[in-house]
Amino acid sequence: QDKITVLLDWFVNPDHGPVIIAREQGFFAEQNLEVEVIAPADPSSPPKMVAAGQADLAISYQPQLHLQIHEGLPLQRVGTLIATPLNCLLVLAEGPVQSPADLKGRKVGFSVGGIEEAMLGQILATHGLELADIEMVNVNWSMSPALMSGQVDAVIGAFRNFELTQMEIEGRPGRCFYVEEEGLPPYDELIYVANKNTMDADKIRRFLAATEKATQFIINHPVESWEVFAGTAPELNDALNKRAWTLTLPRFALRPTAMDVGRYARFEAFLYDAGLIPTLNPVSEIAIDVTAQ
Amino acid sequence: MIRVRYALMVALFAPLLWQGVIWLTDVPAFILPSPWRVAQAAWINRALITQHSLVTATEVAAGLAVGAILGTVTAVLLALSARAHRMVMPLLVFTQSLPVFALAPILTLWFGYGLASKVVIAVLIIYFPVTSAFYDGLTRVPADILDMAKTMGATKFQTMRRIKIPHALPSLGTGLKLAAVYAPIGAVIGEWVGASQGLGYLMLLANGRAKTDLMFASLLALAIMTLVLHLAVGRASARLQRPEQP
Amino acid sequence: MIRVRYALMVALFAPLLWQGVIWLTDVPAFILPSPWRVAQAAWINRALITQHSLVTATEVAAGLAVGAILGTVTAVLLALSARAHRMVMPLLVFTQSLPVFALAPILTLWFGYGLASKVVIAVLIIYFPVTSAFYDGLTRVPADILDMAKTMGATKFQTMRRIKIPHALPSLGTGLKLAAVYAPIGAVIGEWVGASQGLGYLMLLANGRAKTDLMFASLLALAIMTLVLHLAVGRASARLQRPEQP
Amino acid sequence: MTSPPNDRRVTPPVIRLRGSYRIGAEILFGPVDITLGAGQWTCILGRSGVGKSTLLRVIAGLDCAGDFDGSLHVSDAVTLAGRVSLMAQSDLLLPWLTVLENTVLGAQLRGEQPDIGRAQRLLARIGLRDHTHKKPGALSGGMRQRTALARTLMEDRPVALLDEPFSALDASTRADMQELAAEMLQGKTVLLVTHDPAEAVRLGHRIIVLKPRGVQHWPTPVSKPVRDQYAPQTIACQADLLAHLRGTG
Amino acid sequence: MTSPPNDRRVTPPVIRLRGSYRIGAEILFGPVDITLGAGQWTCILGRSGVGKSTLLRVIAGLDCAGDFDGSLHVSDAVTLAGRVSLMAQSDLLLPWLTVLENTVLGAQLRGEQPDIGRAQRLLARIGLRDHTHKKPGALSGGMRQRTALARTLMEDRPVALLDEPFSALDASTRADMQELAAEMLQGKTVLLVTHDPAEAVRLGHRIIVLKPRGVQHWPTPVSKPVRDQYAPQTIACQADLLAHLRGTG
Ligand SMILES: Nc1ncnc2c1ncn2[C@@H]1O[C@H](COP(=O)(O)OP(=O)(O)OP(=O)(O)O)[C@@H](O)[C@H]1O
Ligand SMILES: Nc1ncnc2c1ncn2[C@@H]1O[C@H](COP(=O)(O)OP(=O)(O)OP(=O)(O)O)[C@@H](O)[C@H]1O
Ligand SMILES: [Mg+2]
Ligand SMILES: [Mg+2]
């Protein structure tokens, strides 16, 4: 069996369904792969580790990948895990903010990832506001508590499949403004990245084939797959994860290896316009179709 | 034993204080759950917490041992040469002032995601208080005793071994007690940097998924571990100093 | 002055060491950039770094002052009553063992996202070493001196003021030097927990944008701040102890 | 307001100590029966390690390594607390205080206003006029001992317990200090531990030799202290005492 | 291998100290011209604070608060380093070591194998046979001083500098210790600081009185030390010296 090491973007959660199910159902073994799954706490570190050759694959975010490539990290997207944005602008359902336009003069919390200002700027521009009209506060480790306790009026960077559910469970329902509906080009929230210089395309193809099979299994057997997932660790088996599982299902990429050149070109252009990157990279730099090689 | 009575009083007093804070400040439960809810969560998840506590305890024990030894040795070396101290101490302060999270990628690059990186982080955190406190003690031997040693033709090494080190044991005790409190934090930070087990992992997981009560139950386990460690190190270092110090 | 020569040597030596580590271990630049690249980033972003440094420096100064005062006062109160010590010390260790991140939501809820919450976190971090080290010193006055005070009919308060506190000043110095190193870390953690300015914020931002050189330039600014603070506190506490101690 | 004549804070008491002192299972000294006459100097001599300092600590009510089985009887009250000034065998100067500050330490520790003028005069008489602002670290051994003496004399308590207070002084300074102490402790109940028979004979109303099995009362000359050290009677007594100490140990 | 007769490590040198001692701008003592005869005891007396301990430290080559302007001449070499044993005025016992361990400290500090047997015999002679395993905290003042003496005598160096080594001892123990020291330091160059004229007359080949403006050499009886303290000559010398010290100060 070939060994392959995969760094998740964070602790195990339903977003990682295809990887966990593929492992539990033996789809990796079918591909003659032995997969080691590692969960870090700092989402910015897995891509660096892959770039440094410490792991074969990392789960990361498309927006960050664009920035990292410009900073010289030898990374490339090789597959997609979640094919839509999960990010949203979250407010209290009963709160004073009923439209992004109501944010004028209010506080918006964010967890520093590097591009929140650009995203929020675009959303505000869609509603005729600009960044100077609001106050941004980094609330790093506690997005929903900050919102629920009224310390901020909105947060950007919350995941629609989690924070929203979480607030419902806590009895303070929230409301999402979906970023792709507020002026941002759609993008892939979670992608697989590999080191473009050292990647073993064949192993990666086999890995992605296994996750593709797992995704199909999840879609076809949502209840059974949840039971498999929840059975892997007792701390995963709770009401929140169960509901999140259902909410995440439709967002898994059914074709993990599928390549949409336009998506990457549009987002690169968006970042360029926002002044976050100095030049435009060709899509072939950013992402590849491993099956084409 | 009196200690036990005090421990019981604290065990009773702390939750009351905690509940009092909740009543007074009206903190919502998703930020600070009541002691009762945390106790429930701790009981329900007892197997989980025990399992993760054992992992963290191992890391803490290893980190404390290695950090204490490294710190002690460094302090002795620095005390052997004032020049070494003036050159190395700034470097130590320098490295110490770097928040561990910033070094995390480097550490995981070198030490991987296993036990080693947690131990290294715990060591990094406790190394400095041990070195610093012990060094201070080593350099505070009264001058007339050093004069006597000089007249006797003492070697530098023997002066260190027979005079300075015994003299500085109480200061080492101060450093070790601080280390006992910081070692668990070090291990937990190490687990945040990358791990799939341990109390730190459990905490972040619980926090990220709004299980505030489970998070606080894990915190409780961590605090109890720290308390026991502090008490044990305090006793051990009191024994170390039994011969009355000047 | 000799100090300056050493400082220069360290300033020369540290980058060499750093570059050496890079050559030896072959760390890629996006994990540990070369000193030269960091220096460039520091120069290019000097305005930005200075501005954020000033914010952090304010937090550190306030935190250090408040923490040192609180720690000193606590140590004195605990030393006045062995019973208070046995009851309160476990509570202190308990709270100290809680990683700040876990308390962050509570702290920001109570103290907001401004200066106050950073100062509180810095205080939380340095409070314990100061209390712990000073308390140790306060309880180590030789028994025969306390006997003398007793015979003289000394009040508890005056014994504390005229004997125990002066006797424990070197230990307070040890605690304060540790505090000087930890206060900046406290402020930075406070900034990670919630802020829109300060070196900690700048670091997070740089890290998120994969600008490792800017992150290390911020780290450098933090380290220099810590170094200066440590030196200053070291001197001040040496002056504090000038009257030779027993 | 003047104090009544037998105010306990100023009238020197008679102190009687009966019993023996044990460390663990072993008896260090005793049984003894020692009476310190009111307003008198009682000098104690004895072999090194026999328990003289321990005896002093027992009277002062301080904890020791062993236990005293017996009774301490004070003529006018049940306790001596607050009426004793003690000069221990080591000087116990606080290194961070000046000579002057060390001298007035007692008043400061009680939270009283120290009598700086009196302290200055005392230090002048004790020969430290030019050294009042030095720290103990800058003093010679004898100067340290004299500072400790000044601190004890400043206390002005009805009972004074002095443990070898002049041992580090040269003959001339020692004679001066003896006279000064005798003058300032006039009319107080004083216990003086000394190794110098001449000193005991010069100053003592009573002389007691402490031995492991009990005490021996040594006769003193009929003259009153402070005795003329060149008087034949004094010299004879002194020589006898010395011979006794050397002989029997 | 036997040492040659004038091996510097064992042959006692003549030591000559000339000059004066300054603290800041003020002269503490001097100019002095002191010669310590080879293999002889030189006793120094003088007022408290005149600089006797300072003189000792100058000879031992230790830093002091002031500066010595002058020269230290040693008969057989340029330096005394490694050939001096010093007993300071305070006992400097290490509180974490037992009496026995404190006694053999010198050898241990030099990394040599300590001669435990010799130390045990010495401690027995010094009267601490039953206390060798006690820590200094459990000793009386005199016992501490004797331990410090034992530590100094264990050193067995050609030059010994003793700063009031018997000040805390009772008459009987003191006489014993004087004899012991005289025996063990036989043939060594010894400098003894003392406040006791009888001790100086009993032990000294030469007696020197240190004064702020210089030194005064006091004649010693023609007999050899250790002198019989009851011999008329000794008593007379002693009385004269005492009178001198009391009179002139
Ligand atoms: N650090 C210092 N700073 C200033 N003066 C000092 C210092 N150390 C010692 N002296 C002075 O030096 C003088 C001599 O001290 P030294 O200890 O030599 O006296 P001594 O003759 O041994 O007296 P004694 O018989 O009391 O022991 C004293 O007057 C003392 O004040
Ligand atoms: N903590 C202790 N543990 C055991 N024995 C002790 C302790 N403290 C004192 N002793 C013993 O008590 C005895 C008496 O000591 P003390 O100091 O009273 O003697 P002293 O008569 O004052 O002698 P000196 O003239 O030498 O000062 C000593 O033999 C000593 O060994
Ligand atoms: Mg005694
Ligand atoms: Mg002296």
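What follows draws every value from the coordinates through simple rules; no lab data is involved. Here the structure is a predicted model, which means the values were calculated and not measured. With ideal geometry, Cβ positions are generated from the backbone for all residues, glycine too; neighbour counts draw on all protein chains shown.
Worth pointing out:
- Per-residue mean of foreign Cβ neighbours for B:105-116 is 5 (Cβ atoms of other chains, 10 Å radius).
- Computed Rg/Rh of segment A:137-216, alpha carbon atoms with Kirkwood Rh: 1.13
- For the protein assembly as shown, the residue among D:Ala81, B:Ala57, A:Ile156 whose Cα projects farthest onto the positive side of the dipole built from Cβ charges is D:Ala81.
- Averaging 1/r over each pair of different alpha-carbon atoms in segment E:171-216 and inverting the result gives 11.8 Å, the Kirkwood hydrodynamic radius.
- GNM flexibility winner over chain A from A:Leu90, A:Leu65, A:Leu131 (Cα, springs under 10 Å): A:Leu131
- Simple Cβ-charge dipole of chain D, Lys/Arg +1 and Asp/Glu -1, about Cα centre, in debye nearest 20: 60
- Using θ = phi - 60° in the Karplus curve 6.51 cos²θ - 1.76 cosθ + 1.60, the 3J(HN,Hα) couplings for segment B:161-167 round to 5, 9, 10, 5, 5, x, 5 Hz; x is entered for Gly and Pro.
- Taking the C-alpha atoms only, the angle from helix D:116-125 to the longest principal axis of chain D is near 60 degrees.
- In the protein assembly as shown, one over the average inverse separation of all distinct C-alpha pairs is 35.8 Å, which is the Kirkwood hydrodynamic radius.
- Fluctuation leader among B:Gln19, B:Gln197, B:Gln40 - chain B, Gaussian network, Cα springs under 10 angstrom: B:Gln19
- For segment B:36-239, the residue among B:Thr159, B:Ile44, B:Asn207 whose Cα projects farthest onto the positive side of the dipole built from Cβ charges is B:Thr159.
- Over chain D, relative contact order from alpha-carbon pairs under 8 Å, at least 6 apart, %: 27
- Cα-derived Rg to Rh of segment A:219-287, Kirkwood definition: 1.21
- Computed from backbone phi, the HN-Hα couplings of segment B:72-82 come to 4, 4, 4, 4, 5, 4, 5, 6, 6, 9, 4 Hz, rounded to whole numbers (Karplus: 6.51 cos²θ - 1.76 cosθ + 1.60, θ = phi - 60°; Gly and Pro given as x).
- Shown here is the pair-distance distribution of segment E:94-156: with all Cα-Cα distances grouped in 10 Å bins from zero up to the longest one, the shares run 25, 61, 14 percent.
- Shielding by other protein chains, A:114-121, mean Cβ within 10 Å: 2
- Remark: label point of E:Ser223 defined 7 Å out from Cα along the Cα-Cβ vector; separations to the same position in other copies 2.8 nm, ascending.
- Across segment C:1-140, Cα-Cα pairs more than 20 Å apart make up 67 percent of the total.
- Semi-axis lengths (Å, descending) of the ellipsoid that matches the C-alpha gyration tensor of segment B:118-173: 29, 11, 7
- When +1 charges are put on Lys and Arg Cβ atoms and -1 charges on Asp and Glu Cβ atoms, the dipole computed for segment B:36-239 relative to its Cα centre reaches about 340 debye.
- Normalised Debye scattering of segment C:36-239 at q = 0.09, 0.17 Å⁻¹ gives log10 I(q)/I(0) of -0.42, -1.08, counting only Cα atoms as equal scatterers and leaving out solvent.
- Scattering profile of segment A:62-120 at q = 0.14, 0.30 Å⁻¹ [log10 I(q)/I(0), Debye over alpha-carbon scatterers]: -0.58, -1.37
- Gyration tensor over the Cα atoms of chain A: the corresponding equivalent ellipsoid has semi-axes (square roots of 5 times the eigenvalues, largest first) of 32, 24, 15 Å.
- Calculated [θ] (222 nm, deg cm²/dmol) that DSSP helices of n ≥ 4 give over chain E, each run adding -39,500 (n - 2.57): -9500 deg cm²/dmol
- Estimated from helical segments only, the mean residue ellipticity of chain C at 222 nm is -27500 deg cm²/dmol, where each DSSP H run of four or more residues counts as -39500 (n - 2.57).
- On the rotation that sends chain E to chain D, the chain E Cβ lying closest to the axis gives residue and distance in whole Å as E:Ser167, 3.
- Alpha-carbon Rg/Rh ratio, for segment D:88-196, with Rh computed the Kirkwood way: 0.93
- Position C:Ala82, label points 7 Å along Cα→Cβ, spacing to each other copy in nm (shortest first, one decimal): 4.1
- Segment E:23-124: mean projected area of Cα convex hull, nm²: 9.1
- Structure remark: mean-square fluctuation, Gaussian network model of chain C, C-alpha springs under 10 Å; the largest value among C:Ala82, C:Ala206, C:Ala104 belongs to C:Ala82.
- Legend: translational diffusion of segment E:186-249 by Stokes-Einstein, Rh = Kirkwood radius over C-alpha pairs, 25 °C, 0.890 mPa s; D = 201 µm²/s.
- Using a 7 Å projection from Cα along Cα-to-Cβ, the label point at E:Gly70 is separated from the same position in the remaining copies by 5.2 nm, smallest value first.
- The value for segment A:66-221 of Rg(Cα) / (2.2 N^0.38 Å) is 1.21.
- Taking trypsin sites (Lys or Arg not before Pro) as exposed when their DSSP state is a loop state and no more than 14 other Cβ atoms lie within 10 Å, the longest site-free interval of chain E runs over E:10-212.
- When only the Cβ of Lys, Arg, Asp and Glu is charged (+1, +1, -1, -1), the dipole of segment E:94-156 relative to its Cα centre reaches about 240 debye.
- Note: chain D, Cα convex hull, 136 Å³ per residue.
- Extreme residue, positive dipole direction of chain A, given options A:Leu147, A:Phe28, A:Leu65 (C-beta unit charges): A:Phe28
- Net charge contributed by nearby residues that have their C-beta within less than 15 Å of A:Val139 (K/R +1, D/E -1): -3
- Estimated purely from DSSP H runs of n ≥ 4, each contributing -39500 (n - 2.57), the mean residue ellipticity at 222 nm for chain A is -10500 deg cm²/dmol once divided by its residues.
- Convex hull volume per residue, computed on the Cα atoms of segment C:13-62, equals 101 Å³.
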